[in-house]
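These notes concern the structure reproduced below.
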Amino acid sequence: MQSGWAGSNPFSIILPTLNEGDNIVPMLETLVGLYPKASILVMDDNSKDGTAQKAREFAAKGHDVTVVSRDPSDKGLTASIFDGIMHSKTDFFVVMDSDFQHPPTSVGELIEKMHEGSDMAIGVREDKVELSSARMMASWAANAMASSYLRWKRQPRSSDIMSGFFSGRTQLCQKVIRENDGKFERKGFKGLFDLLKFVPRDAKISEVVFKFNSRRSGESKLSSTIIISIMRQCGIWGKALAAATTFFIIDIRGRYLAALLLGLLFTFGVLRLTNTILTADMINSMLLAIFLSISYLVIANRLLSNVGRRDGIVQGAKLVFTGFSGYLISLYAFYWVFSDINTVQMLSLFLGFGIGFLYDSSSMIFKK
């Protein structure tokens, strides 16, 4: 049993779950052992791997564990968290993941902050070495967006709004949820951010540093969808940015349009800077070359990204192949119409296609 206030007093632990069948029982066993007075709420978002059933079987052994199978029409991590808060019947609650990235031993530290008078206590990751470079960059960008928005709204902030590990006063947070129900991104992934947007400005926020662990089992659910969801949480301009990002990066039509326009802009920009005289045949050949090569690039990148291995070396080889072959297509299309090509024209095609290639390739990486 954990020493301190949390080890001998009641509070709620909210576990939002989605396909955590391999982790849920070990997590419940650990929490019950550390905090025998805690009421554990498993808010299951219609898992397909038996998560809810395993939790119910554990609860049937006499443990204070409640399993809630949520409405499938209201799916989302934030919705699961908020439903858990509304189900809580204790003075304090803690929200944490079920995959052991949030250490169960730190739950007591968060609750101790609540006992000492905080309105909310937020777990701050000591280091993020367990994150991949892509996840670390995404986490930094998301935290910067959220923190900037909260600063602009003059709301309480934390140094790690994205950790997802936090505690709060139940009545305070229930009041916030009831009064602002229609303003939340319920399908989103960062309930803490939504709460901080609406808690009283004088709310006392504490932080607890913890070591971020790797998942014990299962797959991470982080994706570009989370970044876009956070954009939508940042007011009307954030929603506009999310819509633009979705179209120009996630949607293949928008990605193609952006890559094509960038390719044309840089191709004809180089020709203009070099004072190249543009004839009708040259313009037509340039347009055809960029159109065919960018069309090939976007389609090839999408097809190749969905087949075979996806590790770094193989993915890099696929990108090199599409880049090289796409550039050859642009040269062939230009030469087919214009029948001659000089150094300046080759350079303009290279830069134009290259910019389109960089945009489409980086968009594919962000999309994942």
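A short reminder: the numbers here are calculations on the coordinates, not readings from a lab. It should be emphasised that the depicted structure is a prediction, and the values quoted were computed from it without experimental measurement. Glycine gets a Cβ as well: all are built from the backbone with ideal geometry, and neighbour counts include every protein chain shown.
How far is it, in nm, from the label point at Leu241 to the one at Ser362 when both lie 7 Å from their Cα along the line to the Cβ?
Here the answer is 1.6 nm between the modelled labels.
Net charge within 12 Å of Gln2 by Cβ-Cβ distance, Lys/Arg positive one each and Asp/Glu negative one each, not counting Gln2 itself?
-1
Going through the cross-link list Lys153/Lys183; Lys113/Lys197; Lys75/Lys187; Lys54/Lys190, which pairs have a Cα-Cα distance over 18 Å in this structure?
Lys113/Lys197; Lys54/Lys190, as the Cα separations exceed 18 Å there.
Just add up the charged neighbours of Asn180: K/R +1, D/E -1, any other residue whose Cβ is under 12 Å from the Cβ of Asn180.
Neighbour charge sum, excluding Asn180 itself: +1.
Quickly work out the Arg56-to-Lys89 label distance, labels modelled 7 Å from Cα along the C-beta direction, and quote it in nm with one decimal.
Going by the 7 Å Cα→Cβ label model, 2.0 nm.
How large is log10 of I(q)/I(0) for segment 5-235 at q = 0.09, 0.18 Å⁻¹ when the intensity is taken from the Debye formula with one equal scatterer per alpha-carbon?
Debye curve over Cα of segment 5-235, log10 I(q)/I(0) at q = 0.09, 0.18 Å⁻¹: -0.32, -1.52.
Scan the chain and hand back the longest stretch that contains none of the GluC sites (Glu not before Pro) lying in DSSP loops with at most 11 other Cβ atoms within 10 Å.
It works out to 220-368.
Specify the angular offset, from 0 to 90 degrees and rounded to the nearest 10, of the alpha carbon long axis of helix 170-179 from the longest principal axis of the alpha carbons in the chain.
Tilt of helix 170-179: around 50 degrees.
As a check on your grasp of the helix formula, calculate [θ] at 222 nm for the chain: sum -39500 (n - 2.57) over DSSP H runs of n ≥ 4, divide by the residue count, round to the nearest 500.
Taking each H run of at least 4 residues, the total per residue is -17500 deg cm²/dmol.
Taking Cα atoms, how many degrees apart are the long axis of helix 252-273 and the longest axis of the chain, rounded to 10 and kept between 0 and 90?
40 degrees
Quick check: the distance between the Cα centres of segment 50-71 and segment 243-277, to the nearest angstrom?
Value for the Cα centre distance between the two parts: 53 Å.
By how many nm would the segment from Leu265 to Tyr332 lengthen if fully extended, with 0.36 nm per residue of separation less the alpha-carbon distance?
In short, 22.1 nm is gained.
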